[in-house]
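Working notes for the structure below.
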């Protein structure tokens, strides 16, 4: 039997299996008569009892009675016993065996059905709940061969219904197993408050959910999908939605929010039951409704409930607004300096921001993630061209981009790196905008081919960050071939970094080096160089072990007299 079905057999059952053959042929009508051997086995089999954990009692076992392939021949069952049946020979060449059992829901109000069926070796079963007119209400298939099925939280009004047990195949050849039995048991109970109500696999069957309420649901099969309809009526103007999903251990689920037209706004994945937060989701309140779906991803758990809660919130100061996972949905930012906070809620969460610039400007960006989270920072032009990327810091360390040059505006992309995230704490993104100056450092400039232009008489300001950062500058002296010019190259030191200043020719040969044993002080190189040739200046920490993200150095190239 399938593990975890909750049916514990107190007596042994003979095991065996079969396949389609011509040992016995079904009747031409497809309604096979009762097999004499089966009837004899039913009479000789001693009474049995099975402990059912759902009911907490031992229930008697009742044997299936053939023929029961059609509603008019269906066997009546009740929650007071467990039914044992088998999937026998196919009825016809185009129809496999099926067993129909009818039951009644009594009372004046809705009842909640929970049904379990154990697995059969070498067979994959299907359990369908139908009305008395044989209209399908719910169909669940076994997740694998020999595994059982659970139907849970199925809401039924008083009336007559049927179970249909069959092989889960869409067409011939049909398999059977006359020797191994399945066990079917069901129970009915009153509905509970704040509980999912099946069927809700389609959006038009969605359960109602009001902001501020928490609902519990079950992911009872591998492809289970639950829909909820969230009413926005009565929410104050400017309200946002925040969603909390507390999953089931071991079960990965996708939580998706749709707008009124069922266009996807945002998807978050709960990995193996992890809690998912969606904060400050911007929706159109005039549409009066949004949709939320919860979908099981491969694994499932028919016994433990997840919890879903939607709340109306107000945007906090300097806080991101979802959805902002696409460039077209970037959160607008403005001002010469500022700060915004957001969260890396899942492993592959992406947040976009759009920063307006007053013409040609330099942008300094600093991203401080929460402890234990590694973040990646990237900047794009409004046309989508990548300008700079920072992903050097370790988990919890600041990512810094200095003097990213752009015109009119940039898009900033913040994402989690190396599958780290923390939905409960926020990162902090700061920006500073300054007018563009030809001498300012422009990242990336950590290689000869990306070296910044160094103009004589114009200071260049830059940062040594992160650890191991190297900044290259290039310059060319005016003059004819064969002439020379004496120059002075100097850089002012910064706290906590022992700067090293290196002069190189266009073949990357080192011409001169200047360094000090302390971080403070002026490094200086004075030498005579040939005109009409390209030279490179390298600025770095002497041992490559220190960095400073707050203090900038000042590099100056000046001509001197002979």
task: Subtract the Cα-Cα distance of residue 543 and residue 446 from 0.36 nm times their separation in residues, and report this length gain in nm to one decimal.
output: 33.3 nm
- request: Would you please give the FRET efficiency between residue 432 and residue 131, computed as 1/(1 + (r/R0)^6) with r the Cβ-Cβ distance and R0 = 51 Å, to the nearest 0.05?
  value: 0.15
- prompt: Under Stokes-Einstein, with the Kirkwood radius over Cα pairs standing in for Rh, what whole-number D in µm²/s applies to the range 327-435 at 25 °C and 0.890 mPa s?
  reply: 180 µm²/s
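Provide the FRET efficiency to the nearest 0.05 for the residue 408-residue 554 pair, computing r from the beta carbons and using R0 = 30 Å.
Calculated transfer efficiency: 0.60.
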Cα-projected label distance for residue 222 with residue 496, points at 7 Å along beta-carbon direction, nm: 5.3 nm
- request: Treat each spin label as a single point 7 Å out from the Cα along the C-beta direction, and report the residue 425 to residue 467 distance in nm.
  value: 1.9 nm
query: Among 179-188, 443-452, how do they line up from the highest to the lowest mean number of other beta-carbon atoms within 10 Å?
result: 179-188, 443-452
message: At 0.36 nm per residue, and after removing the present C-alpha to C-alpha distance, how many nm does the segment from residue 561 to residue 104 gain when stretched out fully?
response: 153.9 nm
- line: With a Förster distance of 30 angstrom and the Cβ-Cβ distance between residue 286 and residue 309, calculated FRET efficiency to the nearest 0.05 equals 0.80
- prompt: What nm distance separates the two modelled labels at residue 386 and residue 527, each placed 7 Å from Cα along Cα→Cβ?
  reply: 3.4 nm
- prompt: Considering only DSSP beta bridges whose two residues both sit in the chain, what percent are antiparallel, to the nearest 5?
  reply: 90 percent
- prompt: Where does the chain land at 222 nm, in deg cm²/dmol rounded to the nearest 500, when only DSSP H runs of n ≥ 4 count, each adding -39500 (n - 2.57), divided by all residues?
  reply: -500 deg cm²/dmol
field: Euclidean distance between Cα centres, the range 159-211 to the range 319-381, Å
entry: 46 Å
task: Can you tell me the order of 337-345, 199-207 when each peptide is scored by its average per-residue count of other Cβ atoms within 10 angstrom, highest first?
output: 337-345, 199-207
- prompt: residue 205 to residue 485: extension gain in nm, 0.36 nm per residue of separation minus the Cα-Cα distance?
  reply: 92.5 nm
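Here, each number is a calculation from the coordinates, and none is a lab measurement. Values in this document were obtained by computation on a predicted structure and should not be read as measured data. Ideal geometry is used to build each Cβ from the backbone, glycine not excepted, and the neighbour counts take in all protein chains shown.
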